[in-house]
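Here the structure comes first, spelled out in structure tokens, and everything after it is commentary.
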Amino acid sequence: MNILDKILDAKRQEIQNHPNTGVPEKREHVRSLKDALFNSGISVIAEIKMKSPSEGNILPNANPVQIAKDYESAGATAISVLTDEQFFGGSLEILKSVRDSVSIPVLRKDFIISNHQIMEAANVKADAYLLIAEALNSDKIENLLAFGDELGLEALVEFHNPENAEIVAKLAPPIVGVNCRDLKTMTTDIAFFEKMVSILPPDSIKVAESGIYTSDDLKYVSDLGYNAALVGTSLMKTGNPGKALENLLGGLA
């Protein structure tokens, strides 16, 4: 059993143990992630991640609200918040506090497999949510996209494996993520972005995820045609994520 399977098992248990949050009304004042990422340069979705299965504790005792404010000041176009508690040290409460402290879109990054989790995202004012192709079949992705759309939320649909690239391409969601982390080994390979870019739907916003550490990496994915990069671990590990993002973006000048 790989780490994704373990996490998904835990998610199913979480959903079973939590009461239904009800169906919220369509969200108002949603900040469009797609519109934010649609610009002439490379955008950065800066991530708040306390720990991970591959890295262990990344930045213990971090202040998520201060990090979010620093990210926005440094030039982040959007913020991603890991809300999984068991494996990533996050929570919905952290996402809500971050969303209340910034003016840019906030993405719920989690292992979403049910409408219940999208309702949770809406209830804490997330603007968008993540769907992982390796955790879902094509029909389920479509259903979750439709449900999120009913609530006024956008989705970032990502894949890690080449065999799922065609599935995502056929769905042609508004925002597509290519994650270069191998879910079996948890290693990253930035060359994966180049291998996959020609398969991506032409009208989708394209996001490169994982494995981006330097301004050269950022320029590399930009030159390939990606609209944005999601960067988290490399920023958080510095101990001063906002300053690290400032340096990352400053290196593009």
Q | His18 versus Leu252: modelled label distance in nm, points set 7 Å from Cα along the beta carbon direction | A | 3.3 nm
Q | Gap separating the Cα centres of the stretch 38-98 and the stretch 172-238, nearest whole Å | A | 17 Å
Q. In a solvent-free Debye calculation with one equal scatterer on each Cα, what is log10 I(q)/I(0) for the chain at q = 0.11 Å⁻¹, listed in the order of the q values?
A. -0.52
Q) How many nm is it between the label spots at Ile199 and Asn57, if each spot is 7 Å from the Cα in line with the beta carbon? A) 3.9 nm
Q: Please work out the FRET efficiency for the pair Glu166 and Ser32, using the Cβ-Cβ distance as r and a Förster radius of 30 Å; give the result to the nearest 0.05.
A: 0.65
Q) Between Asn143 and Asp100, what length in nm is gained on full extension when 0.36 nm per residue of separation is reduced by their alpha carbon distance? A) 12.6 nm
(Q) For the chain, what does the helix formula give at 222 nm: sum of -39500 (n - 2.57) over DSSP H segments with n ≥ 4, over the residue count, nearest 500 deg cm²/dmol? (A) -11500 deg cm²/dmol
Q: Within the stretch 208-225, find all residues whose amide N lies under 16 Å from a label point positioned 7 Å from the Cα of Asn39 along Cα-to-beta-carbon.
A: 219, 222
Q.
Just to be sure I understand: of the beta bridges DSSP finds with both ends in the chain, what percent are antiparallel, rounded to 5?
A. 10 percent
Q) For the stretch 86-177, with only Lys/Arg (+1) and Asp/Glu (-1) charged at the beta-carbon, what is the dipole magnitude about the Cα centre, in debye rounded to 20? A) 260 debye
Q: Pick out the long, greasy-scoring helices in the chain: whole DSSP H runs spanning 27 Å or more along their own axis by Cα, mean Kyte-Doolittle at least 1.6.
A: none
Q | Estimated distance in nm for a label pair at Gln66 and Ala10, the labels positioned 7 Å out from Cα along Cα-to-Cβ | A | 2.7 nm
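Values in this text are rule-based calculations from the coordinates and carry no lab data. All of these numbers come straight from a predicted model, not from anything done at the bench. We place every Cβ from the backbone using ideal geometry, glycine too, and count neighbours over all the protein chains shown.
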